[in-house]
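Report on the following structure.
Where a number appears in this text, it was derived from the coordinates with a stated rule and is not lab data. Please read these numbers as outputs of a predicted model, since none were measured by experiment. Cβ coordinates were reconstructed from backbone atoms using ideal geometry, including for glycine residues, and neighbour counts include every protein chain displayed.
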Amino acid sequence: MREIRVELGERSYSIFVGAGILAEADRLFGPLAQTPVLIVTDEGVARAQEANLNRLLESLNRRVVRVAPGEESKSMAGFSSLIDRLVEFEQDTVALLAFGGGVVGDLTGFAAACYKRGVPWIQVPTTLLAQVDASVGGKCAINHPRAKNLVGAFHQPRMVIADVETLHTLPARELRSGLAEVIKHGVIADAAFFDRVEQTIGRALQLDLEVLEDYVTTSCRIKAAVVGEDERDITGQRAALNYGHTLGHAIELAAHFRYTHGEAIAIGMACAGDLSVRLGLLNPVDAGRIEAVLQSAGLPTRAADLEANEVLAAMNLDKKFLQGANRFVIAREIGAVELRSAIPRTLIEEVLADRLAG
Ligand SMILES: NC(=O)c1ccc[n+]([C@@H]2O[C@H](COP(=O)([O-])OP(=O)(O)OC[C@H]3O[C@@H](n4cnc5c(N)ncnc54)[C@H](O)[C@@H]3O)[C@@H](O)[C@H]2O)c1
């Protein structure tokens with residue numbers, strides 16, 4: 001088992017990564033093992049991971065809430081009904097545990113942030129995306145009909161337990177989706193890791209636990225280091241994690257979630273690579289390597305079913321657009337990125353014209 005520390009002063013916590021480590025969950029919980037815990041999961045995870053869920057429920061003072069799988073649960077209505085369940089369950093103290101992907105994690109974290117002005121919570125991520133990204137850093141949010149993640153908070157969990165064995169039941173499309181964020185971590189911060197991903201991506205798709213453990217550990221280390229420097233997204237360092245996300249989120253919205261988060265981010269990363277090349281920063285050979293590894297992961301790098309103006313319209317609602325001036329993370333090389341503001345709209349349109357509709 002590997003342990004990564006997220007260093008945030010009194011809010012510091014550990015991320016435990018390994019294969020089969022849920023068997024040790026109670027020991028890892030420490031003092032929280034005695035606290036009444038409301039476990040939040042979705043129906044898909046509850047079915048696929050029944051044995052692990054039952055193990056988490058063995059303690060008498062735990063209950064489970066099953067929400068419907070998918071983004072719809074990350075809504076005002078989903079939040080409100082979870083708070084109702086907390087009120088019904090409430091004992092003297094309570095903690096929440098998110099057992100699922102990023103949807104369950106975001107909903108649970110936001111409820112934990114709001115309920116009684118903040119109660120402890122534990123993350124047990126079961127998708128690759130949640131293990132390498134969503135469970136690190138304490139951002140949690142629900143969606144508004146007009147924009148994703150519009151209503152949210154920063155609320156750090158007490159610990160994260162990422163058991164890569166849970167990925168064995170994950171649908172292949174979801175596994176590929178998580179690989180987009182793994183590749184992103186190599187691009188933004190670690191060229192050696194990117195090389196390793198190029199070499200091992202086939203084994204990851206075969207669910208090789210050693211490779212997955214490396215991907216989760218290295219990704220968490222990279223994200224934890226960035227979050228440790230810029231917990232609340234203020235200095236701009238945390239923004240590096242948004243590589244491919246400005247257009248990726250817009251694509252996700254414009255496509256009305258036909259693409260998974262990771263698929264949309266993969267297309268967004270291909271667009272960000274094009275922009276980086278057109279701005280004279282990234283070498284086209286490296287942009288090609290990034291696109292090739294995304295494709296090896298089975299991810300899309302084009303969206304023939306979308307119009308550029310739909311994506312531009314969705315982008316203008318994105319909260320990453322600071323006071324009307326767009327802001328993009330641009331790659332200088334594999335392993336290094338920088339923030340650029342006010343990228344000319346014509347340049348964005350050119351890139352979209354190439355990547356979309358055809
Ligand atoms: N808070 C953050 O920092 C952050 C970062 C990135 C993404 N997110 C959010 O994460 C969400 C996407 O998360 P996701 O990709 O994990 O999707 P998800 O939570 O919707 O899970 C995807 C599907 O996989 C199923 N599933 C999950 N684990 C499984 C398992 N082990 N076996 C079988 N089925 C399983 C779920 O039932 C669901 O149907 C988005 O809402 C996004 O906004 C948050």
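List of remarks:
Here's the yes/no breakdown for (1) closer than 24 Å to GLY138 by Cα; (2) touching a Lys or Arg at 6+ places or on another chain (Cβ under 8 Å):
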site: GLU213; (1), (2): yes, yes
site: VAL227; (1), (2): yes, yes
site: ILE234; (1), (2): yes, no
site: HIS245; (1), (2): yes, yes
site: GLY248; (1), (2): yes, no
site: LEU253; (1), (2): yes, yes
site: ILE265; (1), (2): yes, yes
site: GLY273; (1), (2): no, no
site: LEU281; (1), (2): no, yes
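- Residue that is within 30 Å of ALA314 (Cβ to Cβ) and surrounded by 24 or more Cβ atoms within 10 Å (Cβ to Cβ), where the choices are GLY273, GLY236: GLY273
- Any chance LEU96 is touching a residue at least 40 places away in the same chain (Cβ under 8 Å), more than 11 Å from the ligand (Cβ to nearest atom) and within 18 Å of PHE29 (Cα to Cα): yes
- Going through (1) in a helix (DSSP H, G or I); (2) more than 13 Å from the ligand (Cβ to nearest atom) one by one, LEU53 falls short only on (2).
- Top-ranked residue of segment 141-172 - restricted to ones that are touching a Cys at 6+ places or on another chain (Cβ under 7 Å) and in a strand (DSSP E or B), ranked as farthest from the ligand (Cβ to nearest atom): ALA153
- Selection status of ASP190, more than 21 Å from GLU263 (Cβ to Cβ), in contact (Cβ under 8 Å) with a residue 60 or more places away in the chain, more than 13 Å from the ligand (Cβ to nearest atom) and not hydroxyl-bearing (Ser, Thr, Tyr): yes
- Comparison of ARG85, ARG55 shows that the only residue that is of a type in the set (D, E, K, R) and without any contact (Cβ under 8 Å) to a residue 40 or more places away in the chain is ARG55.
- Exactly one residue out of PRO69, PRO31, PRO125, PRO36 is surrounded by fewer than 19 Cβ atoms within 10 Å (Cβ to Cβ) and within 16 Å of the ligand (Cβ to nearest atom): that is PRO69.
- Test: THR200 is of a type in the set (Val, Ile, Thr), over 30 Å from ALA313 (Cα atoms) and surrounded by fewer than 21 Cβ atoms within 10 Å (Cβ to Cβ): yes
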